[in-house]
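Have a look at the structure below, then the notes.
Taken together, the values in this text are just the output of simple stated rules run on the coordinates, not laboratory data. Not measured: the values here are computed from a predicted model. Quick reminder, even Gly has a Cβ in these numbers, built from the backbone with ideal geometry, and neighbours come from all protein chains shown.
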Amino acid sequence: MREICVIESYDQLVSFLRELEKEFRLTDFEIVRRFVETPAFFRYHVELSMITENSYGRPSKLYLAVWGNEEDGYSLKFLWDTASDHEVAIVGEYWARGKANIKISIGEDESSNFYPTIIRLSKSVK
């Protein structure tokens, strides 16, 4: 994996997830975005895997782990293996409506469109 960006605020994280959702409509990012946008006043630990076949019968795999609380902050691990076998990882810590330290990484395989789009989206929220 190759790191392409570090997100430094909660707002940038939410914006990036919304941009992914707009750009890649065949992948259902809503559940991921909802867990990030909804703070837990107490503590929670969410771990889920989801496989969708919205891209012409080819599976897209999403893995999400979020744990923490509003006071202490949250840890996030979001992995996306696309239907075209590309990889995106969004990993780090954030505080609801505050700062963040989230690294966005992409796979090393060749891509003429997908990875350049991820890079463009990551720059658009900075």
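Here are a few things to note about the model shown:
- Model label points for ILE119 and GLU37, set 7 angstrom from Cα along the Cα-to-Cβ axis, are 2.9 nm apart.
- Region 1-69-region 72-126 distance, computed between alpha-carbon centres (Å): 9
- Karplus (6.51, -1.76, 1.60) ³J(HN,Hα), θ = phi - 60°, over region 13-30, in Hz, Gly and Pro reported as x: 4, 4, 4, 5, 4, 5, 5, 4, 4, 5, 6, 10, 5, 7, 10, 8, 8, 4
- Relative exposure of PHE16, PHE41, PHE35, judged by other C-beta atoms within 10 Å (fewest first): PHE41, PHE35, PHE16
- About the centre of its Cα atoms, the chain shows a dipole size close to 300 debye [charges on the beta carbon of Lys, Arg (+1) and Asp, Glu (-1) only; nearest 20 debye].
- Taking the inverse of the mean reciprocal distance over all distinct Cα pairs, the Kirkwood hydrodynamic radius of the chain comes to 14.7 Å.
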